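The values are calculated or read from the model by the stated rules, or taken from the named source; none is laboratory data. Note that the structure is a prediction, hence the values are computed from the model and not measured. Here the Cβ positions follow ideal geometry from the backbone for every residue, glycine too, while neighbour counts run over all protein chains shown. These area figures cover heavy atoms from the full protein model, side chains too; ligands, DNA and RNA do not enter into them. Shrake-Rupley method; radii C 1.70, N 1.55, O 1.52, S 1.80 Å.
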Amino acid sequence: MYNLLKGKRGIITGALDQNSIAWKVAEKAHEEGATFVLTNAPIAMRMGEIKALAEKTGSQIIPADATSVEDIEKLYVEAQEILGGKIDFLLHSIGMSVNIRKNIPYAESNYDYFMKGIDVSAMSLHKMLSVAKKLDAINEGGSVVALTYMAAQRTYPFYTDMADIKAMLESIARSFGYHYGKEKKVRINTVSQSPTKTTAGTGIKGFGDFYDFADAIAPLGNADAESCADYCITLFSDLTRMVTMQNLFHDGGYSSTGVSSEVMERLAGE
Ligand code: NAI
């Protein structure tokens with residue numbers, strides 16, 4: 001442990017179960033000396049596992065639907081009361097596509113579901129930033145990280161509408177990063193993570209095969225949730241204080257590799 005987040009206060013969204021990337025971030029943030037509140041959609045609370053994480057990390061849980069500005073306002077007000085001051089870091093780890101859940105092909109996307117996906121998975125970041133700015137809830141130099149996927153840059157057919165939604169999420173991080181950076185030196189970055197075996201990840205059709213493919217391409221192999229959490233911690237720390245408005249790949253080198261010898265050999269063997 002390096003005490004990288006000693007004295008820092010945070011809000012961590014998206015911890016659903018032990019596989020969640022946010023779950024690992026919460027464990028690491030606790031180890032690194034941060035205090036934080038956990039939040040998730042009220043429906044996810046009813047599933048109950050988050051309580052174990054709260055106990056383990058000595059944190060409180062504030063239910064909030066990330067599509068509701070009212071819920072987000074309440075979240076910041078209560079979080080600051082509980083933690084005793086302004087927020088230093090925020091993790092946005094929220095993703096959901098009804099089109100993916102219902103196995104609807106991209107070209108036939110249902111637009112109500114598409115809008116829902118945008119609201120939950122991209123606009124929610126804008127709302128969380130806008131409310132924070134209005135309430136002046138984030139300290140100068142504070143750091144915001146949102147999780148994304150490379151389908152925002154390159155086509156992965158199975159990722160359907162979430163590809164467009166992640167592109168929007170990354171754009172919001174960039175655009176808001178400018179305004180919040182100018183005004184309060186708040187940093188906003190996205191971490192583009194390898195395929196990871198979580199509830200959101202494995203809900204995607206063909207995920208298992210693709211997971212193996214990505215693992216065979218990346219020179220370091222797929223990055224797991226724990227290493228993703230480590231990376232997020234560095235971004236919350238002061239060591240990265242001049243990094244903002246970036247989309248940062250955390251993928252074992254996958255995004256810079258055209259093809260690997262392993263994949264070539266597999267194809268030659270067929
Ligand atoms: P997860 O299923 O554990 O987490 C998704 C979270 O979003 C859940 O905790 C869920 O309750 C929450 N959520 C859904 N609707 C919400 C709402 N209306 N309000 C508040 N919270 C809501 O899965 P995972 O993989 O940890 O996902 C976290 C983030 O990482 C997502 O943005 C996902 O797209 C991203 N990501 C995941 C990858 C993967 O392969 N698992 C790869 C790259 C990025």
Q.
Any residue that is polar (S, T, N, Q), out of contact with any Gly (no Cβ under 6 Å at 6 or more places or on another chain), under 19 Å from Ala22 (Cα atoms) and not in a helix (DSSP H, G or I) - is there at least one of those in the range 152-170?
A. no
Q | Within the range 133-151, tally of residues that are more than 11 Å from the ligand (Cβ to nearest atom), touching a Lys or Arg at 6+ places or on another chain (Cβ under 8 Å) and outside any strand (DSSP E or B) | A | 3
Q: Out of the residues in the range 69-99 that are of a type in the set (Gly, Ala, Ser) and open to solvent by less than 30 Å² (accessible area, probe 1.4 Å), state the one that is farthest from the chain's Cα centre (by Cα).
A: Gly85
Q: Hey, could you check the range 35-49 for residues that are of a type in the set (S, T, N, Q) and surrounded by 24 or more Cβ atoms within 10 Å (Cβ to Cβ) and say which is nearest to Met1 (Cα to Cα)?
A: Thr39
Q: Only one of these is open to solvent by 20 Å² or more (accessible area, probe 1.4 Å) and either among the hydrophobic types (A, V, I, L, M, F, W, C) or within 27 Å of Lys102 (Cβ to Cβ) (or both): Met168, Met150. Name it.
A: Met168
Q) Would it be correct to say that Met242 is open to solvent by 60 Å² or more (accessible area, probe 1.4 Å) and within 17 Å of the chain's Cα centre (by Cα)? A) no
Q) Taking helices (runs of 4 or more DSSP H) that fall entirely within the range 171-270, which contain at least 3 residues that are over 26 Å from Arg101 (Cα atoms), aliphatic (A, V, I, L, M) and away from the ligand (no atom under 16 Å from the Cβ)? A) 261-268
Q) Is at least one residue of the range 22-40 in a loop (DSSP other than H, G, I, E, B) and within 16 Å of the ligand (Cβ to nearest atom)? A) yes
**Q.** Segments classed as helices (runs of 4 or more DSSP H), wholly inside the range 42-132, with at least 2 members that are more than 10 Å from the ligand (Cβ to nearest atom)
**A.** 50-57, 69-83, 98-101, 111-118
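Rundown of residues vs (1) farther than 25 Å from Trp23 by Cβ; (2) surrounded by fewer than 20 Cβ atoms within 10 Å (Cβ to Cβ); (3) among the basic types (Lys, Arg); (4) touching a strand residue (DSSP E or B) at 6+ places or on another chain (Cβ under 6 Å), yes/no style:
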site: Lys116; (1), (2), (3), (4): no, yes, yes, no
site: Asp119; (1), (2), (3), (4): no, yes, no, no
site: Leu125; (1), (2), (3), (4): no, no, no, yes
site: Asp136; (1), (2), (3), (4): yes, yes, no, no
site: Ser143; (1), (2), (3), (4): no, no, no, yes
site: Gly177; (1), (2), (3), (4): yes, no, no, yes
site: Phe207; (1), (2), (3), (4): no, yes, no, no
**Q.** Filter result for Thr199 (within 26 Å of Thr160 (Cα to Cα) and open to solvent by 60 Å² or more (accessible area, probe 1.4 Å))
**A.** yes
Q.
Exactly one of these conditions fails for Ile217: (1) at pLDDT below 95; (2) more than 25 Å from Asp17 (Cα to Cα). Give me its number.
A. (1)
Q.
Take Lys8 and tell me if it is more than 30 Å from Ala163 (Cα to Cα) and free of Cβ contacts under 8 Å to residues at least 40 places away in the same chain.
A. no
Q | Glu32, sole failed condition from (1) farther than 23 Å from Met128 by Cα; (2) open to solvent by 30 Å² or more (accessible area, probe 1.4 Å) | A | (2)
Q.
Quick check on the range 5-25. Is at least one of its residues among the basic types (Lys, Arg), open to solvent by 50 Å² or more (accessible area, probe 1.4 Å) and within 19 Å of Gly141 (Cα to Cα)?
A. yes
